[in-house]
Amino acid sequence: MNEPRIIPPRPRDRLFAVVTLVLAVLLLPAAFVRHPRRAGELACNWALRMRFPAEDLTGLTDGARAAFTAARTEALWRHGQLIGLTSGYRDPLVQQRMFTEEVRRSGSPASARMLVLPPAESSHVKGIALDVRPHEGARWLEEHGARHDLYRIYDNEWWHFEYRPDCGGIPPRRRPHPGVGYEMENGDQR
């Protein structure tokens with residue numbers, strides 16, 4: 001990942017991954033009885049729900065939710081990596097509060113936009129943005145996420161990914177931070 005420094009894995013994160021994988025394996029028979037064709041995905045979801053009980057996938061678009069579920073299922077079963085969601089969909093009022101607070105903290109809307117966008121521009125409000133954890137899961141998603149149309153968007157946010165099915169497996173040009181506009185397909189500046 002394009003970062004100034006690599007964050008070393010924490011031993012407890014590896015332990016959590018092993019425990020969650022063992023739990024998913026133990027849940028496989030029940031998942032098979034419930035839905036034989038989706039047993040692996042179901043057992044993975046149950047185990048991850050126990051590991052990350054506060055995460056909330058509601059409000060994500062159907063495509064974003066399906067892509068995230070498929071990616072985290074692959075990450076757990078094939079590579080023993082956990083991917084949890086710290087923030088997905090945000091209500092416009094919540095996003096506005098976050099932006100207003102950042103303006104107050106940083107001193108200007110321009111500096112606030114380096115970390116938080118107003119609701120009209122936020123992919124969280126659109127239901128296609130995913131802030132993930134832990135760092136190793138984000139690293140896995142950066143490497144393998146294109147298979148699921150999930151891409152890291154900003155250099156300054158290792159945790160922020162967006163569902164972009166229109167990219168055709170080619171990562172969009174990464175921006176330094178949320179406040180930097182980028183060329184859209186129709187040539188408009190955003």
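Condition check: in a helix (DSSP H, G or I), touching a Cys at 6+ places or on another chain (Cβ under 6 Å) and under 30 Å from residue 22 (Cβ atoms). Does residue 69 satisfy that? For residue 69, the condition - in a helix (DSSP H, G or I), touching a Cys at 6+ places or on another chain (Cβ under 6 Å) and under 30 Å from residue 22 (Cβ atoms) - is not met.
Conditions (1) open to solvent by 100 Å² or more (accessible area, probe 1.4 Å); (2) touching a helix residue (DSSP H, G or I) at 6+ places or on another chain (Cβ under 9 Å); (3) among the hydroxyl-bearing types (Ser, Thr, Tyr), marked per residue:
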{"residue": "11", "(1), (2), (3)": "yes, no, no"}
{"residue": "20", "(1), (2), (3)": "no, yes, yes"}
{"residue": "43", "(1), (2), (3)": "no, yes, no"}
{"residue": "46", "(1), (2), (3)": "no, yes, no"}
{"residue": "50", "(1), (2), (3)": "yes, yes, no"}
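I'm trying to understand the selection: among the residues of segment 96-152, which are closer than 25 Å to residue 168 by Cβ, out of contact with any Cys (no Cβ under 9 Å at 6 or more places or on another chain) and of a type in the set (Ser, Thr, Tyr)? Residues satisfying the conditions are 122, 123. All conditions but one from (1) loosely packed, with under 15 Cβ neighbours inside 10 Å; (2) in contact with a strand residue (DSSP E or B) (Cβ under 6 Å, 6 or more places away or on another chain) apply to residue 64; the one that does not is (1).
Checked against (1) under 30 Å from residue 173 (Cβ atoms); (2) in contact (Cβ under 8 Å) with a residue 12 or more places away in the chain; (3) more than 17 Å from the chain's Cα centre (by Cα), residue 61 meets all criteria but (3).
Looking only at helices (runs of 4 or more DSSP H) that lie completely in segment 77-190, which have at least 3 residues being open to solvent by 20 Å² or more (accessible area, probe 1.4 Å) and either touching a strand residue (DSSP E or B) at 6+ places or on another chain (Cβ under 8 Å) or among the β-branched types (Val, Ile, Thr) (or both)?
The helices (runs of 4 or more DSSP H) meeting that bar are 92-106.
For residue 59, the criteria (1) in contact with a Phe, Trp or Tyr (Cβ under 7 Å, 6 or more places away or on another chain); (2) open to solvent by 50 Å² or more (accessible area, probe 1.4 Å); (3) closer than 24 Å to residue 147 by Cα hold in every case but one, which is (2). Flag: residue 31 does not match the condition of being among the small types (Gly, Ala, Ser), open to solvent by 80 Å² or more (accessible area, probe 1.4 Å) and either free of Cβ contacts under 8 Å to residues at least 60 places away in the same chain or not in a helix (DSSP H, G or I) (or both). When 47, 71 are checked against the criterion of being touching a residue at least 12 places away in the same chain (Cβ under 8 Å), within 30 Å of residue 94 (Cα to Cα) and touching a Lys or Arg at 6+ places or on another chain (Cβ under 8 Å), 71 stands alone in meeting it. Per the conditions (1) at positive phi; (2) modelled with pLDDT under 95, the sole criterion not satisfied by residue 149 is (2). Residue 7 meets the conditions (1) surrounded by 15 or more Cβ atoms within 10 Å (Cβ to Cβ); (2) touching a residue at least 40 places away in the same chain (Cβ under 8 Å); (3) closer than 23 Å to residue 176 by Cα in every case but one. The failed one is (1).
The values are calculated or read from the model by the stated rules, or taken from the named source; none is laboratory data. In this text the structure is predicted, and so the values were computed from the model without any measurement. So basically every Cβ, Gly included, is an ideal-geometry build from the backbone, and we count neighbours across all protein chains shown. Just so you know, the surface numbers come from the protein's heavy atoms only, side chains and all, with ligands and any DNA or RNA stripped out. Shrake-Rupley method; radii C 1.70, N 1.55, O 1.52, S 1.80 Å.
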